[in-house]
Amino acid sequence: MKKKIAILGSTGSIGTQTLDVISEHNDNFEVLILTANNNADLLIRQALKFKPDSVVIANEEKYQYVKDALKDEDIKVFAGQDAIAQIVETADIDLVVAAMVGYSGLRPVINAIKAGKNIALANKETLVVAGELIKNLIQDHKVAILPVDSEHSAIFQCLVGEFHNPVDKIMLTASGGPFRLLSKDDLYSVTAAQALKHPNWDMGAKITIDSATLMNKGFEMIEAKWLFDLNIDQIDVVVHPQSIIHSMVQFKDGAVKAQLGMPDMKVPIAYALSYPYRMASNINPKMQLGDYANLTFEKPDMERFPNLALSFEAIGRGGNAPCILNAANEVVVDAFLKDKCSFYQMSDIIAEALAHIGFISEPGYEDYVNTDKLTRLFAQSKL
Ligand code: MN3
């Protein structure tokens, strides 16, 4: 029996690599649904190759273009955010790969959980924005969330077989990003083009900027809190520039388990798709540890990278604070990518948003939607 997969965000970095994994293991998986935000041409090429039942393009202006291109195929074509949120409820789906970027992932993931679907979660913003809500839904609907993010996959792999052993703390590794060695003076004038040259990981533009500001690590800390049911004081961040150790777990006896490998997202993607099994691969890179004589570790610098401190603040406050953090960040990262905002303006505006937007201690879904909207307007007004 092939596992039937829906990929939300199939044209992005994680989406395309998920399809690479499925191509290598097409005896195990069948692509049922593909959705894309805006990249109609790639969505069409993917649909012609993988022959899904349905595709959805979020940008409704591209509906006719996709429809025409697939008119000779037995593939249903839909458009719009509502269609993406609905299609995850399709009866046959065994696993939803949530690989879209940013806040747009929240509603489809909620609907998929409510429909009883297991989720391979690459969209970390879902847990950043609404971690408590998602955690409760997962328990109510008894679905599995399989982490795709490399650090969380590493922790998940370290925890296999350890369910009866309480965790002392986790150590999330961070590459430190492209600006790890720059002084504060230099950071005032860095550009998006410089940030997009990430040393180790090949990722989408938004997450690459988040990696350069360490916001990505702040988000991952919040993601880890909800995935593994941890307190914030059980989460350490350690800078490890070689990105060979993908994260670690320390148990109460002092033993530390780490998961290592070459930095390639196909490994954690494949594990999420095939868990609890591991699939032999000829395309995933294998490690020669002798090539890495020096594995080094540093403490993160929260003064040069204030977004990490802002993330600690947001998760410490709880409620809708991480939602504010995320919405302000999405606005400023978009502006930074268009050279309309400087490196430190990004964290200044996020800090202002955290101070200015009304705090809600126990938000429901509508509160998250409102917080997101208000924060975006506020952050836009500061640019
Ligand atoms: Mn990561």
If you take the square roots of the eigenvalues of the alpha-carbon gyration tensor of the chain and sort them as a ≥ b ≥ c, do you get rounded (a/c under 1.5), prolate (a/b over b/c) or oblate?
rounded
Restricting to aspartates and glutamates and to Cα separations under 16 Å from Lys135, and discarding same-chain partners fewer than 8 apart, the set is Glu125, Glu220, Glu223, Asp229, Glu362
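Could you give the size of the charge dipole of region 54-109 about its Cα centre, using +1 on the Cβ of each K and R and -1 on the Cβ of each D and E, expressed in debye and rounded to the nearest 20?
200
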GNM on the chain, Cα springs under 10 Å; top mean-square fluctuation among Thr208, Thr296, Thr371 goes to Thr296
Region 1-78: trypsin sites (Lys or Arg not before Pro) in DSSP coil with no more than 14 other Cβ atoms inside 10 Å:
Lys2, Lys71
Virtual spin-label span in nm between Lys184 and Asp68, 7 Å along Cα→Cβ
5.6
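Would you mind working out the magnitude of the charge dipole of the chain relative to its Cα centre, with +1 at each Lys and Arg C-beta and -1 at each Asp and Glu C-beta, to the nearest 20 Debye?
Roughly 320 debye, rounded to the nearest 20.
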Starting from the Cα of Arg278, step 7 Å along the direction of its Cβ; do the same at Asn136; then give the gap between the two resulting points in nm.
3.9
Most fluctuating of Met302, Met248, Met262 in the GNM of the chain (C-alpha, under 10 Å) is Met302
Of the residues Ala6, Asn111, Val129, the Cα lying farthest along the dipole of region 3-143 towards its positive end, which is defined by charges on the beta carbon of Lys, Arg, Asp and Glu, belongs to Val129
Calculate the FRET efficiency for Gln380 and Asp291 from the Cβ-Cβ distance with a Förster distance of 51 Å, rounded to the nearest 0.05.
0.65
Scan the chain and hand back the longest stretch that contains none of the chymotrypsin sites (Phe, Trp or Tyr not before Pro) lying in DSSP loops with at most 15 other Cβ atoms within 10 Å.
1-162
Set Lys and Arg Cβ to +1 and Asp and Glu Cβ to -1, take the dipole of the chain about its Cα centre, and tell me which of Leu159, Thr371, Asn216 lies farthest positive.
Leu159
Filtered hits (aspartates and glutamates, Cα-Cα < 15 Å from Lys197, offset >= 8 within chain) -> Asp210
Membrane-span-like helices in the chain: DSSP H runs reaching 18 Å or more (Cα, own axis), mean Kyte hydropathy at least -1.0?
125-141, 215-228, 321-337, 343-356, 365-381
To the nearest Å², the heavy-atom accessible area per residue of region 129-274 with 1.4 Å probe amounts to 38
How much of the accessible area of the chain, in percent, comes from carbon and sulfur atoms when a 1.4 Å probe is used?
49
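Specify whether the C-alpha gyration tensor of region 81-144 places it in the rounded, prolate or oblate class, a ≥ b ≥ c being the square roots of the eigenvalues: rounded for a/c under 1.5, otherwise prolate if a/b is larger than b/c and oblate if not.
oblate
List the trypsin sites (Lys or Arg not before Pro) within region 255-361 that fall in a DSSP loop (any state other than H, G, I, E or B) and whose Cβ has at most 14 other Cβ atoms within 10 Å.
Within region 255-361, the qualifying trypsin sites (Lys or Arg not before Pro) (loop, at most 14 other Cβ atoms within 10 Å) are Arg278, Lys286, Lys338, Lys340.
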Report, in listed order, any pair from Lys206/Lys382; Lys142/Lys286; Lys124/Lys340; Lys124/Lys299 with a Cα-Cα distance greater than 28 Å.
Lys142/Lys286
For region 3-143, the dipole about the Cα centre with charges only on Cβ (Lys and Arg +1, Asp and Glu -1), to the nearest 20 debye, works out at 260
Taking a cut-off of 20 Å between Cα atoms, list the lysines near Lys67, but don't count ones fewer than 8 places away on the same chain.
Lys49, Lys51, Lys76
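The values are calculated or read from the model by the stated rules, or taken from the named source; none is laboratory data. Just so it is clear, the structure is predicted and the values come from calculations on it, not from any experiment. Reconstructed Cβ throughout: ideal geometry from the backbone, glycine too, with neighbour counts over all protein chains shown. Just the protein is used for accessible areas: all its heavy atoms, side chains included, with ligands, DNA and RNA removed. Shrake-Rupley method; radii C 1.70, N 1.55, O 1.52, S 1.80 Å.
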